[in-house]
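Before any comments, here is the structure.
Bear in mind that the values in this text are calculations on the coordinates, not laboratory data. Note that this is a predicted model, so its numbers are computed, not measured. For neighbour counting, all protein chains shown are included, and Cβ atoms are generated from backbone atoms with ideal geometry for every residue, glycine included.
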Amino acid sequence: MFIGRKAELDFLNKHHATEGGQLIVLYGRRRVGKTETLLEFCKGKEHIYFASSEQSDEMQLKAFSQAILQKGHPAARYVQSFASWGEAFASLQDLPWTGRKLLVIDEFPYMVKSNPTIPSLLQNLWDAKLRHQNLTIILCGSYISFMENEILDRDKPLYGRTTAILKMLPLNFYEAIQFFPNYSPEDKIKAYAVLGGIPHYLKQFDSSLSLEENITQQILTRGSILYSEVEFLLHHELRETSNYNTIIQAIAQGHSHLNELNANTRIEKTKLSSYLSNLMDLGIVWRELPVDAPVQNHVKGHRGLYRLSDPFFRFWFRYVFPYLSELEAGDAEAICSYVVKPDMDAFTFRPYTAICHQYLRELNHRNQLPFHFTKIGRWWNKTDQLSVMATDAVKKNILAGRCWFNENVMTLNDALYVKTTAIPEDGVQPCYWFFSKAGFTDELKAEAEKEKLHLVDLEELLKLE
C-alpha cells in the first residue's frame, strides 16, 4: 500500500498538466521513496519508466532504446537500438501516443556516469525541439551532491532548462505513523523516533507486533535488513568509513559542538569540517542554530550544534554500533531489554520535540495560531534554553514553549520557567505552548484557562493524524 506523498504527487501532476515541455528534476537521499512515488505518479498515464544502472554506455543506450521501442514506437520495426543518445532522446517526439508523453529516468547519475556528454546532448535537444513538445521528462537521482552540483549548478548544461525542481524529504510524523495503525500514541512517537520518515525503514516494522519486538527482530537481530542498513549506505556513499563512523557515533552520544567533536574523535578540525560537510550533503547530519540566530551565523560553518538528521542513524549508532559484538553473538533480546528499553524516553525526547514543531507548523499552515510565524525551532543562550520558540517576520509576536517526554507531570512552576525565560521586549505579544507525555497538573490546567496557555498531551498531539 502506498502511503503519504500527497504534496509531491500534487506537485508532479500540476506540472505534468502544464502545456509544453516540462523538464523536472526530482532528487533525495537513498530509501526516501523516490522510486515508489514516481511509479505511483505514472499510474494511469502513458509513460516510459527507465531505471539507469551501473553498466557500460553501450549497454545503457541499448536498454534505454528498448524501453522506448517497446512502447509502440514506429522505429521498432526496423531497429533494435538507436545509434546514439541524441537519436534516442529525439525519438520521443515520434511516439504514437495521443495524449501527453511522460519519460521518467530513475538514477539519472548512473546514465551520466557512463556517458558524461548526456546532459549537453539533452540540453541541445531540449532547446531545439523537446521543449516545444507535449512532453514531461523527469530526471531522478539519489546522489544529492551530484544532482545539485552537476545538474542544477549554474555552470552546467541543464541549468535554466528545468521547469521544476523537487527535493524529496522523509515523510513527516503524521504520514509516517500511518504505518503503525495499531500502536498507542506513545508507541507511535517512539517508533517514529527510531525509524524517522524513511518509507523503506517504516515498512520493516509489523504493527501487529509490539515496539520492543520489532526493534529486537528487525534491527537488533543479525541478518535483518535494518541491522546492516547503515553500514551498507555508508560504504556505498563514502570512503574512509571508519572516520565517518567515529564522527556519527560521537554525535549520537551527544557531542554536538565542533570543539567537542574534535576532542572526542581526535580528527583534525579542517578534515572534520570536510567530513561533516559530506554528511550534511547526504542528509545524515544537520547544523542547528538558535531560532533567533542572525543570518550570518547560518553561513559560518563553525557555529551551531551538529545533529543527526536521520533518526534511524541516531538509533543505530546509539544502540547497535557500540554493541555489535554482543549482537553478533545473538544477544538481541538482552540488548533491547537492558539497554534500549530503559533509555527510550531520553532517546525519544529530541524527535518528540521535532514532532511538536511539526504540530505547530501544521497549525500555522491552517492559520489556527494567534499569529503566522516564519521561523520555528529551539532557542538557547549560555544559561537557558527553550525547546520551542517561533517568531514572525517583523518580530512583533513570539511563541515560546516547553516539551517533556518523561513520566513527570508538568507543573505550574515548570510552565512559569518559560514565561520568565522568554520575556518579550516592549511591544512584542507572547503566546505559550506546552507539550507533555505525562500530562499536566490540575493547578497548571486551571492557570492555562485564565492565562490562555496552550496545553498539548499525546492524544491532542495526534489529533492532526
Low-density loop positions, trypsin sites (Lys or Arg not before Pro), the stretch 148-207 - DSSP coil, at most 10 other Cβ in 10 Å: ARG154
Mind checking the full-extension length gain between VAL339 and HIS235? Use 0.36 nm per residue of separation minus the Cα-Cα distance, one decimal, nm. 34.8 nm
Can you give the charge dipole size of the stretch 174-349 about its Cα centre, rounded to the nearest 20 debye, using +1 on the beta carbon of Lys and Arg and -1 on the beta carbon of Asp and Glu? 700
Candidate values [x] 121, 74, 45; [y] 82, 58, 48; [z] 67, 47, 33, label of the one derived for Cα extents along the principal axes in Å: [y]
Full-extension gain in nm, ASN134 to SER256, via 0.36 nm per residue minus C-alpha separation: 38.9 nm
Measuring from label point to label point, each 7 Å out along Cα→Cβ, what is the VAL79 to ILE423 span in nm? 7.7
Points 7 angstrom from Cα along the Cβ direction at GLU213 and ASN381: gap in nanometres? 5.1
With 10 Å bins from zero, work out the P(r) of the stretch 174-349 over every alpha carbon pair and list the percent per bin. 9, 36, 34, 17, 3, 0
From zero up to wherever the largest Cα-Cα distance of the stretch 369-464 sits, split into 5 Å bins and tell me the percent of pairs in each. 3, 13, 23, 25, 20, 11, 4, 0
Compute the normalised compactness of the stretch 1-127: alpha-carbon radius of gyration over 2.2 N^0.38 Å, N being the residue count. 1.08
Using DSSP to define loop residues, name the trypsin sites (Lys or Arg not before Pro) in the stretch 1-79 whose beta-carbon has at most 12 other beta-carbon atoms within 10 Å. LYS43
Extended-chain gain in nm, criterion 0.36 nm per residue less alpha-carbon gap, ALA346 and GLU54: 100.9 nm
In nm, the gap between the two label points placed 7 Å beyond Cα toward Cβ at THR162 and LEU363 is 3.5
